[in-house]
Amino acid sequence: MVGIDMLRGACLVEMMANHLPPGLVTSSARETLGFISAAEGFVFLSGFIAGWTSCVLIQRKPAASVQQRFLARAGQLYATYCVLLSAVLACVALGGTRFSEWGQLCYVNGGSVGRVWLYGIPFLHQPQYLDIFPIYCVFLVLTPLIIAQLRAGRRWLVLAISGAVWAVSQFWSGTNVPGMIWFGYFNLFSWQLLFTVGLTFGFHHEAQQEEPTQSSWVFVLCAGLCAMLFALRHLPRFGVEIPALTTSILVEKSTLGVIRLVNFAAMAYILRAILAWLPPGARGNWAFRQLAFLGQHSLQVFSWSVAMTFIAFLSGDTWRNLPLTLQISVPCAAILSLWVPARLHVLWGDWDLRKARCLTDARRTPSLVSGAAIIPVTTRQP
């Protein structure tokens, strides 16, 4: 699973660059490989990890405890979302013009901060860059239900329903509703397909305990398809516009258009083949391990990246007017900061483990308790 963690870490790095205000470095990081972004990979891999861990845990623990694990994870995401939303809106309400950019990101109009918060807590109004938390909460709540169907052998039924929901969402998104209600940029009904497919693959990958076969001709086909879509994606840079493609729902990111979906599937196959062909020693190199380290602490790292995004927008909605050195150094510093929450999470886990061991040792130590005094059983004789 080190390769999966490495890919998740790479997605976190690219998403951090994509979320920052546009500039020399950040603009070049947006969909560089074609009609795909790190978001598609991160959602798919999250589903894969969820399916894989479900299959492992079900073999060791009751199904109810596995369900509680996902519900607890959803609770953590919801708590993080509420803290970030409340902190951002509090700054907008109390900070005046200094936080005007945050107000725009949260769609605050005049004195509507309180209404945004009241609608935001139940996910009826999802500000930019915070809207990924609600859809993940929904994914995690639904995961036990999907796993139950996979255990019953209804894999194709799950995929058929998920595909049908995605197909309908291409023509009716339901994300734009008059008034204060705003369900965010990412269409839940479209993006559930990537999570569900990843969940199904991860569950059956662990259940079957076998690596999928690689096909050279499929690899060549996927490579050619990715090369063609890469060229089409970057033609506008050379003054060649294809309105029927660039403005079509086929490449729409919010609804996960079909061309975008095909591009992701081809790129996923290529990356899987490359990871399988890598020599064992390559996975132990420094860069591989550092990216895998980020992927192992994805919740903490992503939450940090969202906070860093809002802080970055305090300087304005673009960095194109900054000196060249700042346009390069500031995004690099923001990306390097992703290792801070990952390291802090490790330190917190080590401290929590030591505390638990101390409590366990204290319970195992025989003692006589009299009033407020604790007298060890073994005492030195005079």
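The values are calculated or read from the model by the stated rules, or taken from the named source; none is laboratory data. The model shown is predicted, which means the values in this text are computed figures rather than measured ones. Using ideal geometry, Cβ is built from the backbone for each residue, glycine included, and neighbour counts are taken over all protein chains shown.
Given the structure, is PHE219 crowded, with 20+ Cβ neighbours inside 10 Å and either hydrophobic (A, V, I, L, M, F, W, C) or modelled with pLDDT of 95 or more (or both)?
No, not satisfied.
Hey, among the residues in the stretch 80-107 that are within 17 Å of ASP131 (Cα to Cα) and small (Gly, Ala, Ser), which one's modelled with the lowest pLDDT?
GLY103
One residue is enough: does the stretch 242-258 have a residue meeting the conditions in a helix (DSSP H, G or I), at pLDDT 90 or above and surrounded by 12 or more Cβ atoms within 10 Å (Cβ to Cβ)? Write out each step before concluding.
Within the stretch 242-258, the subset in a helix (DSSP H, G or I) is 243-246, 249-251, 258.
If we keep only those that are at pLDDT 90 or above as well, we get 258.
When the remaining residues are screened for being surrounded by 12 or more Cβ atoms within 10 Å (Cβ to Cβ), the result is 258.
Yes, there is a match, as at least one residue in the stretch 242-258 is in a helix (DSSP H, G or I), at pLDDT 90 or above and surrounded by 12 or more Cβ atoms within 10 Å (Cβ to Cβ).
Within the bounds of the stretch 307-321, is there any residue that is in contact with a helix residue (DSSP H, G or I) (Cβ under 6 Å, 6 or more places away or on another chain), under 20 Å from TYR129 (Cα atoms), of a type in the set (Ser, Thr, Tyr) and surrounded by 19 or more Cβ atoms within 10 Å (Cβ to Cβ)?
Yes, there is a match, as at least one residue in the stretch 307-321 is in contact with a helix residue (DSSP H, G or I) (Cβ under 6 Å, 6 or more places away or on another chain), under 20 Å from TYR129 (Cα atoms), of a type in the set (Ser, Thr, Tyr) and surrounded by 19 or more Cβ atoms within 10 Å (Cβ to Cβ).
What number of residues in the stretch 272-306 are more than 30 Å from VAL83 (Cα to Cα), out of contact with any Phe, Trp or Tyr (no Cβ under 9 Å at 6 or more places or on another chain) and either surrounded by 14 or more Cβ atoms within 10 Å (Cβ to Cβ) or among the hydroxyl-bearing types (Ser, Thr, Tyr) (or both)?
5
So is PRO122 touching a Phe, Trp or Tyr at 6+ places or on another chain (Cβ under 6 Å), under 21 Å from GLY184 (Cα atoms) and modelled with pLDDT of 90 or more or not?
Values: touching a Phe, Trp or Tyr at 6+ places or on another chain (Cβ under 6 Å): no; under 21 Å from GLY184 (Cα atoms): yes; modelled with pLDDT of 90 or more: yes.
No.
Out of all the residues in the stretch 1-24, which are hydrophobic (A, V, I, L, M, F, W, C) and part of a helix (DSSP H, G or I)?
Correct list: VAL2, ILE4, MET6, LEU7, ALA10, CYS11, LEU12, VAL13, MET15, MET16, ALA17, LEU24.
If I filter the stretch 281-293 for residues that are in contact with a Leu (Cβ under 8 Å, 6 or more places away or on another chain) and either assigned to a loop (DSSP other than H, G, I, E, B) or of a type in the set (Phe, Trp, Tyr) (or both), do I get at least one hit?
No: the stretch 281-293 contains no residue that is in contact with a Leu (Cβ under 8 Å, 6 or more places away or on another chain) and either assigned to a loop (DSSP other than H, G, I, E, B) or of a type in the set (Phe, Trp, Tyr) (or both).
Report, ordered by the first and then the second residue, all pairs with beta carbons closer than 8 Å, sequence separation of six or more or different chains, a first member in the stretch 300-311 that is small (Gly, Ala, Ser), and a second member that is not in a helix (DSSP H, G or I).
Once the first residue is small (Gly, Ala, Ser) and sits in the stretch 300-311, its partners that are not in a helix (DSSP H, G or I) give SER305/LEU338.
Of everything in the stretch 170-212 that's among the β-branched types (Val, Ile, Thr) and assigned to a loop (DSSP other than H, G, I, E, B), which residue is modelled with the highest pLDDT?
Residue satisfying both the conditions and the ranking: ILE181.
Would you check if there is a residue in the stretch 8-17 being buried (at least 22 other Cβ atoms within 10 Å of the Cβ), among the hydrophobic types (A, V, I, L, M, F, W, C), closer than 20 Å to ARG283 by Cα and out of contact with any Ser or Thr (no Cβ under 8 Å at 6 or more places or on another chain)?
Yes, the conditions are met somewhere in the stretch 8-17.
Table: residues versus (1) free of Cβ contacts under 8 Å to residues at least 12 places away in the same chain; (2) within 23 Å of the chain's Cα centre (by Cα).
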site: PHE99; (1), (2): no, no
site: VAL108; (1), (2): no, no
site: SER112; (1), (2): no, no
site: ILE132; (1), (2): no, yes
site: VAL138; (1), (2): no, yes
site: THR143; (1), (2): no, yes
site: ALA152; (1), (2): yes, no
site: TYR185; (1), (2): no, yes
site: SER190; (1), (2): no, yes
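Is it the case that LEU45 is within 19 Å of ILE311 (Cβ to Cβ) and of a type in the set (A, V, I, L, M, F, W, C)?
No, not satisfied.
State whether the residues of the stretch 25-48 include one that is aliphatic (A, V, I, L, M), outside any helix (DSSP H, G or I) and without any contact (Cβ under 8 Å) to a residue 24 or more places away in the chain.
yes
Just checking: which of the helices (runs of 4 or more DSSP H) contained wholly in the stretch 99-154 hold 3 or more residues that are more than 27 Å from GLY316 (Cβ to Cβ) and either touching a helix residue (DSSP H, G or I) at 6+ places or on another chain (Cβ under 7 Å) or among the basic types (Lys, Arg) (or both)?
Where helices (runs of 4 or more DSSP H) fall fully within the stretch 99-154 and carry at least 3 residues being more than 27 Å from GLY316 (Cβ to Cβ) and either touching a helix residue (DSSP H, G or I) at 6+ places or on another chain (Cβ under 7 Å) or among the basic types (Lys, Arg) (or both), they are 132-151.
Would you be able to say whether some residue in the stretch 151-164 is at pLDDT 90 or above, of a type in the set (Phe, Trp, Tyr) and surrounded by 15 or more Cβ atoms within 10 Å (Cβ to Cβ)?
Looking for residues that are at pLDDT 90 or above, of a type in the set (Phe, Trp, Tyr) and surrounded by 15 or more Cβ atoms within 10 Å (Cβ to Cβ), one finds none in the stretch 151-164, hence no.
May I ask you to list pairs of residues, at least six apart or on different chains, whose Cβ atoms are under 9 Å apart, with the first in the stretch 61-74 being without any contact (Cβ under 8 Å) to a residue 12 or more places away in the chain and the second being among the charged types (D, E, K, R) and in a helix (DSSP H, G or I)?
Qualifying pairs under 9 Å: LYS61/ARG69.
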